[in-house]
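Accompanying notes for the structure given below.
Rule-based calculations on the coordinates, nothing more; no lab input. Computed from a predicted model, the values in this text were never measured in an experiment. All Cβ positions, even for glycine, are placed from backbone atoms using ideal geometry, and neighbour counts span all protein chains on display.
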Amino acid sequence: MKKNIMIALVLVMISITATRACDICGCGVGSYYLGILPEYNKRFLGMRYQYKSLSTHLGPMGERTPITADETYQSAELWGGWNFGTRFRVLAFVPYNFNKRESLTGNGTKTGLGDIAVMAYYNLFDHKGTLGDRLLVQSLWIGGGVKVPTGKYEPTERLAVSESPNNFQLGTASTDFTLNAAYDIRYNDMGINANVNYKINTENKYDYRYGNKFTSNVLAYYKFRVANSVTVAPNIGVLYETAVKDVDGKKYDVEVSGGYSLSAVGGVEVGMKGLSFGANYQNVRSQDLAGGRAYAGNRVMVHMSVPF
């Protein structure tokens, strides 16, 4: 058991320390935050709503200018999961995006289907036992996935706002791949959940490649059981995202791209027979995006799902 715990911790730490990789972290054309999945035995289907904001066209020192734009990215996402036996799991995400930009030089909106993603996991180990007189449960899932270019990409957007991140898109026009790991350990009703995701982007047909993206979150939670039929699990933790720069024209780094953000996360998950729902708030505590020319605001996510 101790060996399994050490393996899981080593995998997480290697992923965090060996990677420097995002489109403007979490906004625009991609976010792979998972958090704590709803509990289900066979499969589930649900909806997620996410709200994010981003200020672009900032000055060299990060100050607002007459052409600074305030952007909001909202998505309503159909998501689901399916367990195949006890070892295999597939998750799918179908987003519908609502993008809005406001500035003194003009406003704009984009609405439509985003890029669909599918992730497959293998259960490397799943252990239930006791430590002292308390239950100890842990699991480690590893896998990969693919994101397909179902969202609309407008190459003229990049040309029109060359001093702004190429973020105001519904999709990337590229087929991209992910490497994923999810670890959970629970001591009686107190647990820690960790997810890491590394997204490998390919060049689209417009000779543009978004920088590879790394997302990691660690959450501590406690499960309160109400009347033996409802589980309430408040959670708190951190979310870290980082990126290399985009590449335009096969060889030129895009200076207004890449960077990192670190957020404090607080939320709650509620589970009952036939329904799960939850919400979290992501407070950005530290960031350096697009060489200081972009600034991300705090984020909100709510979700619900039905097991069947």
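First select every other residue whose beta carbon is under 9 angstrom from the beta carbon of Gln138; then total the charges, Lys and Arg +1, Asp and Glu -1.
On the way: positive: Lys128, Arg186; negative: Asp126, Asp184.
Net charge in that neighbourhood comes out at 0.
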Q: Using Cα positions and a limit of under 18 Å, work out the aspartates and glutamates in reach of Lys205, with same-chain residues fewer than 8 apart set aside.
A: Asp23, Asp115, Glu154, Glu157, Asp176, Asp246, Asp248, Asp253
Q: For Lys223, go through the lysines and keep the ones whose alpha-carbon is under 22 Å away, minus same-chain ones fewer than eight residues off.
A: Lys42, Lys128, Lys273
Q) Could you give the nm distance between label points at Arg225 and Thr130, where each point is 7 Å from its Cα heading toward the beta carbon? A) 1.6
Q | Neighbourhood charge, 12 Å Cβ-Cβ cut-off, centred on Ser103 and excluding it, Lys, Arg +1 and Asp, Glu -1 | A | 0
Q: May I have the convex hull volume per residue, in Å³, for the Cα set of the chain?
A: 125
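Antiparallel DSSP bridges in segment 209-286: what percent, to the nearest 5? Can you show the working numbers first?
Numbers: 40 of 40 bridges.
So the antiparallel bridges in segment 209-286 amount to around 100 percent.
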Q. Between Thr231, Thr105, Ala279, whose Cα lies farthest towards the positive end of the dipole of the chain when Lys and Arg beta carbons carry +1 and Asp and Glu beta carbons carry -1, centred on the Cα centre?
A. Thr231
(Q) Given R₀ = 35 Å, what would the calculated FRET efficiency be for Thr86 paired with Lys251, taking r from the Cβ atoms and rounding to 0.05? (A) 0.15
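How much net charge surrounds Val247 when only the other residues with a Cβ under 11 Å from the Cβ of Val247 are counted, with Lys and Arg +1 and Asp and Glu -1?
Working: positive: Arg209, Lys245, Lys250, Lys251; negative: Glu203, Asp207, Asp246, Asp248, Asp253.
The answer is -1.
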Q: Using +1 at the Cβ of each Lys and Arg and -1 at the Cβ of each Asp and Glu in the chain, identify which of Ile142, Asn41, Val218 lies farthest towards the dipole's positive end.
A: Asn41
Q. What FRET efficiency comes out for the pair Thr65/Ile236, r = Cβ-Cβ distance, R0 = 45 Å, nearest 0.05?
A. 0.80
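For every helix of n ≥ 4 consecutive DSSP H residues, a contribution of -39,500 (n - 2.57) applies; sum these over the chain, divide by its total residues, and give [θ] at 222 nm rounded to the nearest 500 deg cm²/dmol.
On the way: 2 runs with 22 residues, N = 308.
Rounded to the nearest 500, it is -2000 deg cm²/dmol.
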Q: State the Cα centre-to-centre distance between segment 113-138 and segment 172-233 in whole Å.
A: 12
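Per residue and in cubic angstrom, what volume does the convex hull of the Cα atoms of segment 174-261 have?
Values: hull volume 9.8 nm³, N = 88.
Convex hull of Cα atoms, per residue: 112 Å³.
So how strong a dipole does segment 2-307 carry about its Cα centre when Lys and Arg Cβ are +1 and Asp and Glu Cβ are -1, to the nearest 20 debye?
Values: 32 positive and 25 negative charges, 190 e Å.
Magnitude of the dipole: close to 920 debye.
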**Q.** lysines whose Cα lies under 23 Å from that of Lys199, excluding same-chain neighbours fewer than 8 positions away
**A.** Lys52, Lys147, Lys152, Lys213, Lys245, Lys250, Lys251
